[in-house]
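I have a structure here, written as structure tokens, and I will follow up with some questions on it.
The values are calculated or read from the model by the stated rules, or taken from the named source; none is laboratory data. Bear in mind that the values here come from a model prediction, so they are computed numbers and not experimental data. A quick note on method: Cβ atoms are made from the backbone with ideal geometry, for glycine too, and the neighbour counts reach across all protein chains shown. Quick note on the areas: whole protein, heavy atoms, side chains included, nothing else; ligands and nucleic acids left out. Shrake-Rupley method; radii C 1.70, N 1.55, O 1.52, S 1.80 Å.
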Amino acid sequence: MYLDNSATTQVNEEVLKEMEPFFREEFGNPSTLYGLGRSSKNALNQAREKVAHAINADAGEIIFTSGGSESDNLAIKGIAFKLRNKGKHIITSNIEHPAVKNTLHFLEKLDYEVSYLPVDENGIIKIEDLKESIKDETILITIMHGNNEIGTIQPIEEIGKIARENNIIFHTDAVQTFGKIDVDVEKLNVDLLSLSSHKINGPKGVGALYIKKGIRLEPLIHGGGQENGIRSGTENVAGIVGFAKACEIVSQNLDSNSKKLSAIRDELIEKILSTIPESYLNGDREKRLPNLVNFRFNAIEGESLILLLDAKDYQTSTGSACSSNTLEASPVLTALGLDPVDVHGSLRISLSPETDDFNVDDFVSVVSDAVSRLREMSPLWNQDTDYKAVMCNGKRNRCRRC
């Protein structure tokens, strides 16, 4: 049972079928003038229309990229370089995806100033903090729509209004929210919005950046001037066609899939928290993605839990796939004010509309057994001692006494 759909998803059969002709029969370069090239160009134009329609944009506002990371880089660096004479101050949150966070770290080396807004215990920024951070030199606000680790949804519409009132460009990473909840660029008041194909049962290696009409970016890739001169390079026609088909499918089934996934999500939350002692939900209970839950279990290591679940044929994760190879505590979870020791015992479960044969009771039973097994071996857990009472100078610690 695959339960790590926030990392990537299985390509939909309809998507694969839509792509197949462009690997062999329709292999033309869309920049050429002869028939084979024009056929590819027509396919690109149709795909652009489909992607635009899915987010209530115009086709001319869609630029195809290699994925969410490139879209984030293009949005942030493109504005930073274009508006550097106006100002060099950018506002973000401290729980952004590495594609945003590391891009901003790069800009800081170029003497850009970045304000990192804190989040509350549920992972949501405070609007007052945003207002207080705005300066005359502020040129960009970049806040993700839905968090990839805990699923918390930010008040993007309100943030967008504040950005427009202050004449500041606003970018949001909607990679995790698109296809799960309504993503309407007009309602959200965004100027730039990042999308990724492989999070919605499309192929890997393709994504898009919505650029509101009138917004100008400095290109990052120079060459033949494809994608209106903003992203040079021969387009990945097969991938783009598959991405557009995936957009079409998730848009048509958005409401039904959201209801289905929310029901499974809520059942998971209820049964995990009521079955396993010292278990907690990370992120907001209500303002969250319908397909994603993140728990923490005191006194265990999340990596060990993942391996035990994998042995029972459940594929899950401890957090972001982009940083799962590191043993450092999740910056997202520590930003919620959690103790690093507790953060290491996290479990992320992300569902897909294709999750039809998932038995919540069976899964909870497997998780409960795995947690109990790990706690029996844990120096931080004693069945006769309240875990919260095991303290060293007021903080949980890995000392001999504990």
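Could you look at the range 1-81 and say what percent of its accessible area is carbon and sulfur, using a 1.4 Å probe and all protein chains?
About 50 percent, which is the carbon plus sulfur part of the accessible surface.
Which log10 I(q)/I(0) values, to two decimals, does the range 1-111 give at q = 0.11, 0.13, 0.17 Å⁻¹ under the Debye formula with one point per Cα?
The Cα Debye sum returns log10 ratios of -0.58, -0.77, -1.05.
Hey, could you grab the Kirkwood Rh for the range 228-267? Inverse mean 1/r over distinct alpha carbon pairs, Å, one decimal.
12.6
Which aspartates and glutamates, on any chain, are close to K187 with Cα under 18 Å apart, when same-chain ones fewer than 8 places away are left out?
Answer for K187, where 18 Å is the Cα cut-off: D58, E61, E157, E158, E165, D173, D255, listed by chain and number.
How much mean residue ellipticity at 222 nm does the chain get from its helices, if each DSSP H run of length 4 or more adds -39500 (n - 2.57) and you divide by all residues, to the nearest 500 deg cm²/dmol?
After summing the helix terms and dividing by residue count, I get -11500 deg cm²/dmol.
At 1.4 Å probe size, put K187, K212 in order of accessible surface, largest to smallest.
Per-residue accessible area, sorted high to low, gives K187, K212.
Along each of its three principal axes, how wide is the spread of alpha-carbon positions in the range 63-159, in whole angstrom units, largest first?
Sorted largest first, the three principal extents are 36, 34, 24 Å.
Let me check something: with ligands and nucleic acids excluded, how do E278, E186 order by accessible area (1.4 Å probe), largest to smallest?
From most exposed to least exposed: E186, E278.
Taking only the alpha-carbon positions of the range 110-225 and ignoring solvent, what does the Debye formula give for the base-10 log of I(q)/I(0) at q = 0.09, 0.15, 0.19, 0.20 Å⁻¹?
Log10 of I(q)/I(0), two decimals: -0.27, -0.74, -1.14, -1.23.
So what does the Cα-only Debye profile of the range 50-98 read at q = 0.20, 0.32 Å⁻¹, as log10 I(q)/I(0), no solvent term?
With one equal scatterer per Cα and no solvent, log10 I(q)/I(0) is -0.89, -1.11.
Could I get the Rg over Rh figure for the range 191-277? Both from C-alpha atoms, Rh via Kirkwood, rounded to two places.
That ratio is 1.17, to two decimals.
In whole Hz, what ³J(HN,Hα) sequence does the range 7-16 give by Karplus (6.51, -1.76, 1.60; θ = phi - 60°), x for Gly and Pro?
Once rounded to whole Hz, the list reads 7, 6, 10, 6, 5, 5, 4, 5, 5, 4.
What do you get for Rg/Rh over the range 242-331 if you use C-alpha atoms and the Kirkwood form of Rh?
The Rg/Rh ratio comes out at 1.02.
With 15 Å as the cut-off, how large is the P(r) tail for the range 252-291, expressed as percent of Cα-Cα pairs?
45
With every protein chain present, what accessible area does V250 have (1.4 Å probe, heavy atoms only), rounded to the nearest 10 Å²?
Ignoring ligands and nucleic acids, V250 comes out at about 20 Å².
Turning to a different aspect of this structure: Using heavy-atom solvent-accessible surface (probe 1.4 Å) with all chains present, what is the largest-first order of E248, E157?
The ordering from most to least exposed comes out as E157, E248.
Still on this structure, I have one more. With just the Cα atoms defining each centre, how far is the range 197-238 from the range 9-44? Give it in Å.
Answer, in whole Å: 16.
Quick one: dipole size for the range 109-220, taken about the Cα centre, charges +1 on Lys/Arg Cβ and -1 on Asp/Glu Cβ, in debye to the nearest 20.
Charge dipole, the range 109-220, about its Cα centre: 560 debye, nearest 20.
In whole Å, what three semi-axes, largest first, describe the equivalent ellipsoid of the chain built from its Cα gyration tensor (square root of 5 times each eigenvalue)?
38, 27, 17
GluC sites (Glu not before Pro) within the range 96-146: which are DSSP loop residues with at most 15 other Cβ atoms inside 10 Å?
The qualifying sites are E121, E137.
Follow-up. Report the trypsin sites (Lys or Arg not before Pro) located in the range 1-70 that are in a DSSP loop and have at most 11 other Cβ atoms inside 10 Å of their Cβ, or state none.
R24
Dividing the alpha-carbon Rg of the range 174-329 by 2.2 N^0.38 Å yields what?
Compactness ratio reported: 1.29.
Related question: Starting from the Cα of K88, draw a straight line to each of the aspartates and glutamates and keep only those under 12 Å, dropping any in the same chain fewer than 8 residues away.
Candidates past the 8-residue exclusion: E108, D111, E113, D136, E137.
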